[in-house]
Amino acid sequence: MSSHCAPDGGGRPLADAGPRPPVVALVGAPNAGKSTIFNALTGLRAKTGNYPGVTVGRAAGTCALADGRTVEVEDLPGTYSLEPISLDEQITVDLLNGRLEGLAAPEAVVVVADATTLTSSLRLLSRVVELGLPTVLALSMYDELVARGGHLDVPRLARAVGVPVVVADGRRRSGAGDLAELLTSWDSWPAPVVAPPTDPEECTAWARSVLAAASYRSAGESVLTTRVDRVLLHPVAGVVVFFAVMLAFFETIFALAAPLQDAIAGAISALSSAFTSVAGDSALARLVSDGLLGGVGSVLVFVPQIALLFVLIAAMEQLGYLSRAAFLMDRVMASVGLEGRAFVALLSSFACAIPGIMATRTMPSARERLSTMLTLPLVTCSARLPVYVLLVSMLVPADTRWLGVGGRGLVMFGLYVLGAVSMMLAARVSTLLGRGRHAVLPFTLEMPPYRLPTMRSMAFAVWMPVKGFLRKAGTIILFATVVMWALLNLPTHSDAELRAAGVDPSDSAAVTTYTMQHSVAADLGRAVGPVFEPLGFDWKVNVAVISSLAARETFVATLGQITAAEDPTDPQAALEATTYESGPDEGQPVFTAPTLAALLVFFVYALQCLSTLAVLRRETGTWRWPLSVFGIYFAIAWSMALLAHTVVGAVT
C-alpha cells in the first residue's frame, strides 16, 4: 500500500467552511533536508505565502493518504532549537505552541534530522516532544551516513527516543513513501514513557545515551570533501577560485543561451509577421503585433538566460559550493559591519531582491537586518538580466575576447561585482550612520559534503523561478506593456492632420512613426528630457526608463514595441539604428558606447521595482525607509551614469 501526495493549491485558511484536514508540521535545522521531504510529499505546486502579520515565508501542501484521508503538511522555517534568536525561528516556536493569530497549533510534528549530524537534531527533538504533540523522527541523508562508513540501528533508535523513526529521502521520488505511509496513523503514534530532560547539560547526556543505544557511529570524513576544501576554503586560492567560477558562470549564460534566444526571437518575429499579414493594420492588430508580441515577446526572449541562471545557481547550491562561498565572504561582510547571514541574503537577491530581503529575518540584530534590507536592492537580480543582456550585446561585439575570455561575459561579471561591492559599501555607510560599528554576532554554518544534484531537485529549483518570471511577464509586464502601447499610440490623428503634417495616410510605417513622435508617451519622455539629457538618453529611452518602475524588464518590453512598430522584420536592427530626432545631436545614433555604459550603470543603482518598495514598506512598517532609499539610489544612479558616460566618451 502506498500514499499518493498532491499539492493543495492553497494554504491553511484562517476560517474553514468545513472540517479542515489535520496539520502535520515539518521541523528541522536549516539544510537538514526538510524542504526536499516537503517537496516530495506535496509536489512542485505547493502553496507558498506569508504567515499572518509578517513576511516570513510559508509553504503548505496537502498529502492524500492511502486510506482516503488527507493531511496538510506545513514546512516551518528552519531552526536549531526552540529558543528563538531570529524572526523566522520565533514563527516556528509560536506556531508549534499555537500562538499565531488565526492559525492553530499542528496536530502532529515531523522532526527532520540529518543522519550524518544527529546529535544536534536530538536536542531539538527533545524540546519538540516536550510540547506533547504526536511526533515522528524522519532521518534524511541516511544513505550518505552508510556510504561514509557510519552506522545507525533505526529500530533501536526508535526504542531509545520513544517515538517512531523513519528513513526519508526527499531527493528521490519514492524516498518519502515510508513517511507518507506513517502519516496515515499520525493520531496513534506512540509517545515516550519518560519525557527527555530539558536541562541543556542533561539533554546533551541524554542524546549521547540515545546514540549509544542505537549503536550510532558517525560518518567518516569525506576524503574528497577534505581535499577539495583545502583549496576552496583557502583564504587566497579559495577567493581566486570563487571569482573564476563566477566569471565562467556569466560566460556560460551568454554562450549556451544565445542559440535558444535567437530561436525564440525568430519565432516571435515570424508569428508577428504572420499575424499582421492576416489581421491587417487595425488598432487591435497593432496592439497584438507591436504591443504584445513586440513588447512582452522581447522579454520572453530572455527566458533561456533566466533558466540557465537558476540552473547554475541550483547546481552550485546542491553541490555544496555556495556554503563555501558564504564562509569565504564572512570575513568580507564583517569588515563592513555585517555577518555571514547577510551573505546568505545577498545570494538570495541574485534571484530577486524580495526573497533576499525576506531572508534577512534570520539575522538576530535588528540594526544589521535594516542595513542589509536597505542595501540588498543594489545586488544584481534576475530582473536586471534582460536589460543587461540587451545592452551588453549592443555594447560588446559577440567575437570580442579579452585575455582569452569572452568580452560580454566579462562585462556581465563586472556588473554583478559592481552591484555586490556597492551593496557592501552602502552597508558600511549605513552601519557608520547607525551609531557606528558594533560587535558582529558569530555566524554558524554547517559545511555539507559535496553531493551531486539530482534531476528532480534541480527541476524544482529551476521551474519555480522560471514560472514566477513567466507569471510576471503575463501580469505586471503585460499590463505595463498595454499601458505603454496606449500612451505610444494616443492621441490618434485624422487623415487631414496627417496630410497637413506631410505624412501620407496610406504609408502605415510613416503614420506609426508620426503617431509615436506626437504621442502622450513622447510628451512624457521629452518632459523629463532635461533630467536625462546629460546621460545621452532620448525621449524613447526616457519612456522605457520610466516604464521600468513597474518592473525592470519593462524597459526591454517598451523598447521592443517601439522598434517592432518601426521595423517589425528586424526590431534589433531598428533599435541599434535609433537616432536623435532633435537637438544638437540630431541624426546621430542614440545607442553609442557612452550612452550604453550610462544605461548599464544607471540600472546597477536605480531602484526600479515597485514590488521591492512594497516589501520594504511591509518589512520596516513605514514608507520612510523605502522612499528614502528610492530617492538616494536614483541620485546615485544618475551621478554614476553621468560619470560612466563622461569616462567612456573620453576614451572612445
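FYI, it's all coordinate maths here, none of it is from the lab. The shown structure was predicted, so the numbers you read here are calculated from the model rather than taken from an experiment. Note that each Cβ is placed from the backbone with ideal geometry, even for glycine, and that neighbours are counted across all protein chains shown.
Multiplying the sequence separation of ALA635 and GLN517 by 0.36 nm and subtracting their Cα-Cα distance, what value in nm do you get?
On the way: separation 118, 0.36 × 118 = 42.48 nm, distance 2.86 nm.
So the extension gain works out to 39.6 nm.
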Quiz item: If you line up the long axis of helix 366-375 against the longest principal axis of the chain, both from Cα atoms, how many degrees apart are they, to the nearest 10?
Solution: 30
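Evaluate the charge dipole of the chain about its Cα centre and quote only its size in Debye, nearest 20, assuming +1 on the Cβ of each Lys and Arg and -1 on the Cβ of each Asp and Glu. Don't skip to the end; give the middle numbers.
Values: 45 positive and 52 negative charges, 319 e Å.
Using Cβ point charges on Lys, Arg, Asp and Glu, the chain gives about 1540 debye.
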Quiz item: Suppose R0 equals 60 Å; then what is the FRET efficiency for ALA244 and ARG20 from their Cβ-Cβ distance, rounded to the nearest 0.05?
Solution: 0.70
Self-check item: Model label zone, LEU452; criterion: amide N under 14 Å from point 7 Å along Cα-to-beta-carbon; scope the stretch 236-267
Solution: none
Exercise. Can you pull the one-decimal nm distance between simple spin-label points at VAL332 and ALA279, each 7 Å off the Cα toward Cβ?
Key: 4.8
Self-check item: Relative contact order (%) - criterion: Cα under 8 Å, at least six apart; region: the chain
Solution: 11
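For THR204 and LEU425 in the same chain, what is the full-extension length gain: residue separation times 0.36 nm, less their Cα-Cα distance, in nm? Show your work: numbers first, answer last.
Details: separation 221, 0.36 × 221 = 79.56 nm, distance 4.22 nm.
Extra length available between THR204 and LEU425 comes to 75.3 nm.
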Quiz item: Taking 0.36 nm per intervening residue step and subtracting the Cα-Cα distance, what contour gain separates ALA255 from LEU610 on full extension?
Solution: 124.6 nm
Practice problem: Could you tell me which of GLY536, THR431, VAL93 has its Cα farthest along the dipole of the chain towards the positive end, charges placed at Cβ (Lys, Arg +1; Asp, Glu -1), taken about the Cα centre? | Solution: VAL93
Exercise. Report, in whole Å, the centroid distance computed from the Cα atoms of the stretch 239-274 and the stretch 508-533.
Key: 32
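How big is the charge dipole of the stretch 280-419 about its Cα centre, in debye rounded to the nearest 20, if each Lys and Arg gets +1 on its Cβ and each Asp and Glu gets -1 on its Cβ? All intermediate terms of the calculation are to be shown ahead of the outcome.
Numbers: 10 positive and 7 negative charges, 69 e Å.
In total the dipole reaches around 320 debye.
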Practice problem: Please give the FRET efficiency for SER506 paired with GLU576, using the beta carbon to beta carbon distance and R0 = 35 Å, rounded to the nearest 0.05. | Solution: 0.80
Quiz item: Rounded, prolate or oblate: which one fits the chain, using the alpha carbon gyration tensor with axes a ≥ b ≥ c (rounded when a/c is under 1.5, else prolate when a/b beats b/c, else oblate)?
Solution: prolate
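So, with +1 on the Cβ of K and R and -1 on the Cβ of D and E, and no other charges, what is the size of the charge dipole of the stretch 151-245 about its Cα centre, to the nearest 20 debye? The partial results should precede the final answer.
Working: 9 positive and 10 negative charges, 92 e Å.
Dipole of the stretch 151-245, to the nearest 20 debye: 440 debye.
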Practice problem: Using +1 at the Cβ of each Lys and Arg and -1 at the Cβ of each Asp and Glu in the chain, identify which of PHE275, TYR216, PHE250 lies farthest towards the dipole's positive end. | Solution: TYR216
Quiz item: From the residues ALA158, VAL228, LEU293, which one has its Cα farthest along the dipole of the chain in the positive direction, the dipole being from +1 and -1 charges on Cβ of Lys/Arg and Asp/Glu about the Cα centre?
Solution: ALA158
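ALA66 to PHE479: FRET efficiency via 1/(1 + (r/R0)^6), r the Cβ-Cβ distance, R0 41 Å, to the nearest 0.05? Intermediate results must be reported in sequence, preceding the final value.
Details: r = 45 Å, r/R0 = 1.09.
Efficiency, rounded to the nearest 0.05: 0.35.
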